[in-house]
Ligand SMILES: [Ca+2]
Ligand SMILES: [Ca+2]
């Protein structure tokens, strides 16, 4: 059963990587929860001030230009603090 001892650490590594990736894909939701002070589910420019990287990209992310970032706009922007 030598194969098992080789596969197990590999499987563990794959699972760990998968968990890390699923965590980072939740970062956008966390970003809204972290910055959404008035809890309307969107990030306004005032709320984005707390996150300079987000503020810098605000105009690009705000596709409809209404001054609010929705979950959908953040998802489309692929904005991810972890990658910076
Ligand atoms: Ca808000
Ligand atoms: Ca918008």
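The values are calculated or read from the model by the stated rules, or taken from the named source; none is laboratory data. Since we're looking at a predicted model, the values are computed, not measured. Cβ sites come from the backbone with ideal geometry, for glycine too, and all protein chains shown count toward neighbours.
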Of all residues making up segment 41-56, the number that are modelled with pLDDT of 95 or more, under 16 Å from residue 75 (Cα atoms) and more than 15 Å from ligand 2 (Cβ to nearest atom): 0
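Take the residues of segment 68-84 that are assigned to a loop (DSSP other than H, G, I, E, B) and surrounded by 13 or more Cβ atoms within 10 Å (Cβ to Cβ): which is modelled with the lowest pLDDT? Walk me through how you get there before you give the answer.
Going residue by residue through segment 68-84, those that are assigned to a loop (DSSP other than H, G, I, E, B) are 70, 78-80, 84.
Filter again for surrounded by 13 or more Cβ atoms within 10 Å (Cβ to Cβ), leaving 70, 79-80.
Working: 70: 95, 79: 78, 80: 69.
Taking the candidates together, the pick is 80.
Just for segment 10-40: of the residues that are in a helix (DSSP H, G or I) and touching a helix residue (DSSP H, G or I) at 6+ places or on another chain (Cβ under 8 Å), which one is modelled with the highest pLDDT? I'd like the intermediate steps shown before the answer.
First, pick out the residues of segment 10-40 that are in a helix (DSSP H, G or I): 10-25, 27-35.
Checking which are touching a helix residue (DSSP H, G or I) at 6+ places or on another chain (Cβ under 8 Å) leaves us with 24, 27-29, 31-32, 35.
Numbers: 24: 58, 27: 57, 28: 55, 29: 60, 31: 85, 32: 89, 35: 95.
Looking at residues that are in a helix (DSSP H, G or I) and touching a helix residue (DSSP H, G or I) at 6+ places or on another chain (Cβ under 8 Å), I get 35.
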